[in-house]
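Notes follow the structure.
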Amino acid sequence: MRQNIFVLGATGQVGREFTEQVARNDSPDLNKHTNPTSIVGLGNSKEFCFKPGGFSKEDLQFFASKRRQIDQLTSEMHYYNGAQDLSPILEEANSLGYDGDLVFVDATAGKDVLKNLHLKVIRDTRSRIVTANKNPISLYGHDTYAELTNDPRRYGYSATTMAGLGAVPWISERNTIGDPIENMKASLSGTLGFIADQLKDGMGLSGAIKAARDKGFTEPDFRDDLNGLDVARKLIILAREAGHAVEMEDIQLERFLPDKYFDIECPDECLSEIELELDADMYQRFEEAKNRGNTLKYLASFQLVDGKPELKVGLEEVPLSEPFGQLSGTANRIEVVTDIYDANGPYVLGGPGAGLRHTASVLRRDLLKMQPSVDRNSFK
């Protein structure tokens, strides 16, 4: 059965990678299988368009590989009423007869405006959503999370946390089958894992940040990674999947940098201050840990204490001889203890942090799960 897709954040990195993967593997033009993906709409923060019947494989590859803008594919562009109102997308979709026959793929990092769109789709339409954007189900109250994720046939969000490793569906399944999560420990940021790995090898903090930035691992302002909020949002999702109505304020959050460095306006000026004031201190902290046979990793943890969840995010000293101490580069890892997977044999997932290709492929996997039926023998 053909799926009609509207890509939100189409001009971003994840959006273009997703579009390219669909064009190469899933487009109806390919006649590869009976469950093709037809991209019928593209949108960014300023404009959007629909193409009934779907864009061709050639159009999508032209758009994705050449970094073209949406208006270079069609002259039939539409514009929003304002930056905080995406309702024209739904109005146009309805006028074209797509209500109930459309899946929105959210490849953005949007906050309020995307949360509002997600809620409107779930509440007021029969359409569905697949998202890599973790904000709607982590930054807001548990009630918003519960409403959006209530029906997995309409809301797919495996790509929001440890996308390439399948952590979200596994933890959700534990809760569903009555094997409660007792504790979790996880390295959830490839960027901070890379920086900690450089520090372990003796590099200064400022140099480690520059190296991560040069490799494209950081946000344009590296402090958006080092504030720890991305890790905290991922932990919130995992804890909620485990069945706990936790909120952001429930997390004991230790930023990778002291608070004062987030008040400096210019990122480059902040980096200079870090070099002057923090490089030596951080080097000493890692050397002292090494002398004890340990190192420091930026970890997220969840633990039930008297039946109540305790959540922590921050630098933690771990033995170099243990798996978390041996993590290198951008690798992610999670260890989960349940009633069945006890402390002597926890469930473990490990692998690369979710890059663009991983995230886009998991979005496609969630789309496949939304198909009413899949004929595996039809794939060519």
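Of all residues in segment 90-110 being assigned to a loop (DSSP other than H, G, I, E, B) and under 13 Å from Gly53 (Cα atoms), which is modelled with the lowest pLDDT? Out of the qualifying residues, it is Asp101. For the residues Asp339, Asp281, the requirement of being open to solvent by 60 Å² or more (accessible area, probe 1.4 Å), on the phi < 0 side of the Ramachandran plot, among the charged types (D, E, K, R) and in contact (Cβ under 8 Å) with a residue 24 or more places away in the chain singles out Asp339.
For first residues located in segment 121-145 and in a helix (DSSP H, G or I), partners that are open to solvent by less than 10 Å² (accessible area, probe 1.4 Å) and of a type in the set (S, T, N, Q) and lie 6+ apart or on another chain with Cβ distances below 6 Å form the pairs Val121/Ser127. Of the candidates Met162, Met184, Met203, the single residue that is touching a Phe, Trp or Tyr at 6+ places or on another chain (Cβ under 8 Å) and either modelled with pLDDT of 95 or more or surrounded by 23 or more Cβ atoms within 10 Å (Cβ to Cβ) (or both) is Met184. In this structure, does Ala109 turn out to be out of contact with any helix residue (DSSP H, G or I) (no Cβ under 6 Å at 6 or more places or on another chain) and under 22 Å from Thr19 (Cα atoms)? When the stated conditions are applied, Ala109 passes them.
Restricting segment 318-329 to residues that are closer than 22 Å to Arg233 by Cα and open to solvent by 20 Å² or more (accessible area, probe 1.4 Å) leaves a set whose member that is modelled with the lowest pLDDT is Gly329. Would you be able to say whether some residue in segment 11-22 is among the basic types (Lys, Arg) and over 19 Å from Gly110 (Cβ atoms)? No, that holds for no residue. Here Lys215 clears all of (1) open to solvent by 10 Å² or more (accessible area, probe 1.4 Å); (2) touching a helix residue (DSSP H, G or I) at 6+ places or on another chain (Cβ under 9 Å); (3) within 21 Å of Glu247 (Cα to Cα) except the condition numbered (3). Ile137 - would you say it is among the β-branched types (Val, Ile, Thr) and either in contact with a Gly (Cβ under 9 Å, 6 or more places away or on another chain) or more than 27 Å from Val246 (Cα to Cα) (or both)? So Ile137 fails the test.
So in segment 1-53, with the set limited to residues that are in a helix (DSSP H, G or I) and of a type in the set (D, E, K, R), which one is most open to solvent (accessible area, probe 1.4 Å)? The extreme case among them is Arg24. Would you say Phe6 is within 21 Å of Asp85 (Cα to Cα) and more than 23 Å from the chain's Cα centre (by Cα)? No.
Is it the case that some residue within segment 271-283 is closer than 15 Å to Leu205 by Cβ and under 27 Å from the mean Cα position of the chain (by Cα)?
The initial filter retains those residues of segment 271-283 that are closer than 15 Å to Leu205 by Cβ, namely 271-283.
Checking the rest, the ones that are also under 27 Å from the mean Cα position of the chain (by Cα) come to 271.
Yes; the residues of segment 271-283 include at least one that is closer than 15 Å to Leu205 by Cβ and under 27 Å from the mean Cα position of the chain (by Cα).
Residues considered: Asp224, Asp230. Of these, the only one that is surrounded by 17 or more Cβ atoms within 10 Å (Cβ to Cβ) and either in contact with a Ser or Thr (Cβ under 9 Å, 6 or more places away or on another chain) or in a loop (DSSP other than H, G, I, E, B) (or both) is Asp230. Does segment 126-143 include one or more residues that are surrounded by fewer than 18 Cβ atoms within 10 Å (Cβ to Cβ) and closer than 23 Å to Ser38 by Cα? Looking through segment 126-143, at least one residue is surrounded by fewer than 18 Cβ atoms within 10 Å (Cβ to Cβ) and closer than 23 Å to Ser38 by Cα.
Applying the set (1) out of contact with any Phe, Trp or Tyr (no Cβ under 7 Å at 6 or more places or on another chain); (2) open to solvent by less than 70 Å² (accessible area, probe 1.4 Å); (3) more than 30 Å from Ser65 (Cβ to Cβ); (4) outside any helix (DSSP H, G or I) to Leu296 leaves exactly one unmet item: (1).
Restricted to segment 185-219, and to residues that are among the polar types (S, T, N, Q) and either assigned to a helix (DSSP H, G or I) or more than 19 Å from the chain's Cα centre (by Cα) (or both), which residue is nearest to Leu276 (Cα to Cα)?
Our first condition is that a residue be among the polar types (S, T, N, Q); within segment 185-219, this holds for 187, 189, 191, 198, 206, 218.
Filter once more, keeping what is either assigned to a helix (DSSP H, G or I) or more than 19 Å from the chain's Cα centre (by Cα) (or both): 191, 198, 206.
Working: Thr191: 22, Gln198: 18, Ser206: 9 Å.
Step by step, filter segment 185-219, then rank; the result is Ser206.
Go through the residues of segment 230-253 one by one and say whether even a single one is over 30 Å from Asp339 (Cα atoms) and either touching a residue at least 12 places away in the same chain (Cβ under 8 Å) or more than 21 Å from the chain's Cα centre (by Cα) (or both). Please lay out each step first, then the result.
Of segment 230-253, the ones over 30 Å from Asp339 (Cα atoms) are none.
No - not one qualifying residue is present in segment 230-253.
Going through (1) open to solvent by 20 Å² or more (accessible area, probe 1.4 Å); (2) in a helix (DSSP H, G or I); (3) farther than 15 Å from Arg333 by Cα one by one, Trp170 falls short only on (3).
The values are calculated or read from the model by the stated rules, or taken from the named source; none is laboratory data. Keep in mind the model is a prediction, meaning the values are calculated, not measured. Because the Cβ atoms are built from the backbone with ideal geometry, glycine has one as well, and the counts that use them run over all protein chains shown. When the accessible area is computed, the model is the full protein with side chains, heavy atoms only, and any ligands, DNA or RNA have been set aside. Shrake-Rupley method; radii C 1.70, N 1.55, O 1.52, S 1.80 Å.
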